[in-house]
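Asker: First the structure, which I've put down as structure tokens, then a few questions once you've had a look.
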Amino acid sequence: MTEIRLVPYGSPEYDSTVELRREVLRRPLGLDFSEEQLAAEHGDVHFALLHADEALACLVFTPKDGKTLKMRQVAVREDLQGQGVGRQLVETSEAWARRNGYERIVLHARDTAVPFYLAQGYSVEGEPFEEVGIPHRAMFKRL
């Protein structure tokens with residue numbers, strides 16, 4: 001069965017999301033996660049589209065304050081990109097955020113992902129900047 005759900009930090013499902021993020025987001029840039037980076041995710045909220053405990057897509061919310069979340073590390077397995085999987089994951093996670101009293105989501109989108117987030121109702125704010133060696137844009141959405 002394939003389902004979107006919250007994934008506990010440190011669980012086998014979490015480990016699967018780390019591997020997916022490593023494959024889709026980090027390795028293409030010649031990067032990997034440090035132990036410190038992963039340890040810092042302990043207080044984050046982890047969503048994943050899972051099939052038999054394998055992550056097909058995932059995202060991480062880092063609480064900024066009681067009303068704002070930062071969405072980050074959004075990854076969809078390459079063979080599933082462009083099929084609506086990312087949209088479903090974002091919609092499901094936004095619904096969770098609303099139910100839990102959050103009013104705003106912020107994110108740093110790679111330039112190549114800006115059209116995806118615009119289609120999900122996010123707005124660009126500020127000037128372009130570089131993060132992990134590639135161009136990004138700050139974006140936000142009021143829930």
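The values are calculated or read from the model by the stated rules, or taken from the named source; none is laboratory data. Just so it is clear, the model here is predicted, and its values are computed rather than measured. Counting neighbours? That spans all protein chains shown, and the Cβs are built from the backbone with ideal geometry, glycine included.
Asker: Quick test of your reading of the structure: residue 127 fulfils all but one of (1) part of a strand (DSSP E or B); (2) closer than 20 Å to residue 17 by Cβ. Name the failing condition by number.
Answerer: (2)
Asker: Looking only at residues in segment 1-26 that are among the β-branched types (Val, Ile, Thr) and not in a helix (DSSP H, G or I), which one is farthest from residue 49 (Cα to Cα)? Walk me through how you get there before you give the answer.
Answerer: Kept after step one, since they are among the β-branched types (Val, Ile, Thr), are these residues of segment 1-26: 2, 4, 7, 17-18, 24.
Then keep just the ones that are not in a helix (DSSP H, G or I); that gives 2, 4, 7.
Values: 2: 7, 4: 4, 7: 10 Å.
For segment 1-26, the residue satisfying everything is 7.
Asker: Now, a different point. State which residue pairs qualify: first residue assigned to a loop (DSSP other than H, G, I, E, B) and inside segment 98-111, second residue hydrophobic (A, V, I, L, M, F, W, C) in any location, beta carbons under 7 Å apart, and separation of 6 or more residues or different chains.
Answerer: Filtered contacts from segment 98-111: 102/69; 102/143; 103/143.
Asker: Which one of these does residue 14 not meet: (1) closer than 22 Å to residue 119 by Cβ; (2) in contact with a His (Cβ under 7 Å, 6 or more places away or on another chain)?
Answerer: With (1) closer than 22 Å to residue 119 by Cβ; (2) in contact with a His (Cβ under 7 Å, 6 or more places away or on another chain) applied to residue 14, the lone miss is (1).
Asker: Oh, and also: Which residue pairs have Cβ atoms under 8 Å apart, sit 6 or more places apart or on different chains, and have a first residue in segment 20-39 that is more than 17 Å from residue 56 (Cβ to Cβ) and a second that is among the β-branched types (Val, Ile, Thr)?
Answerer: As it stands, the answer is 29/132; 29/134; 31/132; 33/18; 38/18, since those pairs meet every condition given.
Asker: Also: Could you please give the count of residues in segment 43-61 that are more than 16 Å from residue 22 (Cβ to Cβ), hydrophobic (A, V, I, L, M, F, W, C) and part of a strand (DSSP E or B)?
Answerer: 5
Asker: Residue 75 - would you say it is part of a helix (DSSP H, G or I) and either exposed (fewer than 14 other Cβ atoms within 10 Å of the Cβ) or touching a Leu at 6+ places or on another chain (Cβ under 7 Å) (or both)?
Answerer: No.
Asker: Name the residue that is modelled with the lowest pLDDT, counting only residues in segment 94-130 that are surrounded by 11 or more Cβ atoms within 10 Å (Cβ to Cβ) and acidic (Asp, Glu).
Answerer: 111
Asker: For segment 41-64, does any single residue satisfy the condition of being of a type outside the set (Lys, Arg), within 21 Å of residue 116 (Cβ to Cβ) and at pLDDT below 95?
Answerer: Scanning segment 41-64, I find no residue that is of a type outside the set (Lys, Arg), within 21 Å of residue 116 (Cβ to Cβ) and at pLDDT below 95, so the answer is no.
Asker: Inside segment 34-59, can you point out the residues that are surrounded by fewer than 17 Cβ atoms within 10 Å (Cβ to Cβ), of a type outside the set (Asp, Glu) and farther than 21 Å from residue 82 by Cα?
Answerer: Answer for segment 34-59, where residues must be surrounded by fewer than 17 Cβ atoms within 10 Å (Cβ to Cβ), of a type outside the set (Asp, Glu) and farther than 21 Å from residue 82 by Cα: 34, 37, 38, 39, 40, 42, 43, 52.
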